[in-house]
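Comments concern the structure below.
Derivation of every value follows stated rules applied to the coordinates shown; laboratory data play no part. Because the structure is a prediction, the values reported are computed rather than measured. Cβ coordinates were reconstructed from backbone atoms using ideal geometry, including for glycine residues, and neighbour counts include every protein chain displayed.
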Amino acid sequence: MTSSRPYLIRALYEWIVDNGFTPYMLVDTAHDLVEVPRAFVENGRIILNISPEATHSLVLGNDAVTFNARFSGTAMDVHVPVPSVLAIYARENGQGMMFGDQDDTPPEPGPRPGAPRSVDTNDAPPPSPRAEHKRPTLKIVK
């Protein structure tokens with residue numbers, strides 16, 4: 001199944017803009033394909049204003065968020081792979097969503113450490129014969 005992150009980013013962006021707020025995006029810049037102005041990166045992260053007024057040619061795609069914006073008066077193309085987006089929220093009130101550092105794909109099924117072991121049904125006592133043959137019935141009441 002594909003990641004839900006790009007769909008959530010688009011939905012939250014639209015919700016924030018529709019309510020008249022400024023959408024901000026927190027980005028992890030450790031990924032090799034992230035293209036942002038490195039002068040504004042702090043502790044491996046950057047916060048980007050992705051409002052319609054601050055960006056040009058914004059594309060919230062399934063693989064990346066891309067746009068053109070001015071940083072200290074210089075136009076720059078920005079490219080952020082979707083897994084690098086850590087959060088999208090409204091500047092004014094902080095409403096939005098944090099995604100975390102890892103992908104949102106569920107882990108493969110299997111035993112977890114510390115999880116109880118599966119019970120062998122052959123060791124379980126057999127059900128009582130009465131429970132096996134009792135079926136629901138309907139009564140007509142006049």
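Pick out, in residue order, every one of the GluC sites (Glu not before Pro) in segment 19-54 that is DSSP loop and has at most 13 other C-beta atoms within 10 Å; say none if there are none.
53
Here the residues 50, 88, ranked from fewest to most Cβ neighbours within 10 Å of their Cβ, fall in the order 50, 88. Amide H contacts for residue 45 (H built 1.01 Å from N in the peptide plane; partners 5 or more residues away or on another chain; cut-off under 5 Å): 29.
For 66, 74, what's the fewest-to-most ordering of other Cβ within 10 Å of each Cβ? Mind dumping the intermediate values first?
Values: 66 17, 74 8.
The fewest-first ordering by Cβ neighbours comes to 74, 66.
Label sites at residue 97 and residue 19, each approximated as a point 7 angstrom past Cα along Cα to Cβ, lie 1.4 nm apart. Using a simple spin-label model with pseudo-atoms 7 Å out from Cα toward Cβ, residue 53 and residue 86 lie 2.7 nm apart.
A crude spin-label estimate for the pair residue 68 and residue 35, with each label 7 Å from Cα along the Cβ direction, gives 1.2 nm.
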